[in-house]
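As structure tokens, the structure follows; a few thoughts come after it.
Only the coordinates and a few stated rules stand behind these numbers; no lab work does. These figures come from a predicted structure and were not determined experimentally. Cβ placement follows ideal geometry from the backbone for every residue including glycine, while neighbour counts extend to all protein chains displayed.
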Amino acid sequence: MKIKQHPALLTTLLITLVVFATNAAYAHGPTRQKVTETIDINAPATAVWAIIKDFGNAHAWLPMVESTESEGDNEPGATRVLTLGPGIKVYETLKKYKADKMSYSYRIPNSTHDVGILPVNNYSSTITVKANGDTSTVTWKGAFYRGYPNNDPPAELNDEAAVAAVTGLYKAGLAHLKKIAEAPQ
């Protein structure tokens, strides 16, 4: 059977394709967002790494973290709980730890995460220290989805809010790390 000989079939086929294409365009959910922040620190990379290398010691350099509870040291699968204030906790899991490359990666499991604290889902992050002679560069990268996984998110859980929150976190953390690392000993 040739489609040209059946105009009704051709019309039905075209309408079906248009409907599927239109629905596919509207069915698209959130896209993965990425943030990368970098800071140069006037201190040797080994000194900067010494400040951040302990996954369970985030409160030593992150100004918004009051305390850290951890299990598993720096082994992949280790966990930490960051207390940001009374009843405000963030749970994180270490994915990779490379002391020789002065880098580690971690994630926030969705099952433990409150998007009211950080408006993201499927968050993962890597922090790395690189030597530049007698100074260092710290790069903090994150990838995540907005806090509201469906279409038409509220403003506080949309892509812009997620990117702004993560960018603010990274900038504040890196600025504080720089202050600590460059302080006279």
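A Stokes-Einstein calculation at 37 °C with viscosity 0.692 mPa s, built on the Kirkwood radius of the range 31-182 over Cα pairs, returns a diffusion coefficient of 209 µm²/s. Using Cβ point charges alone (K and R +1, D and E -1), the dipole size of the range 31-182 about the Cα centre works out to roughly 380 debye.
The fewest-to-most ranking of 80, 107, 32, 146 by surrounding Cβ atoms within 10 Å reads 32, 107, 80, 146.
So for 115, 138, fewest C-beta neighbours within 10 Å to most, what's the order?
On the way: 115 18, 138 25.
So the residues, fewest neighbours to most, are 115, 138.
Considering every alpha-carbon pair of the range 40-104, the percent of pairs per 5 Å bin, from zero through the bin containing the longest distance, is 4, 18, 25, 24, 17, 10, 3, 0.
Sorting 83, 46 from the fewest to the most surrounding beta carbons within 10 angstrom yields 46, 83.
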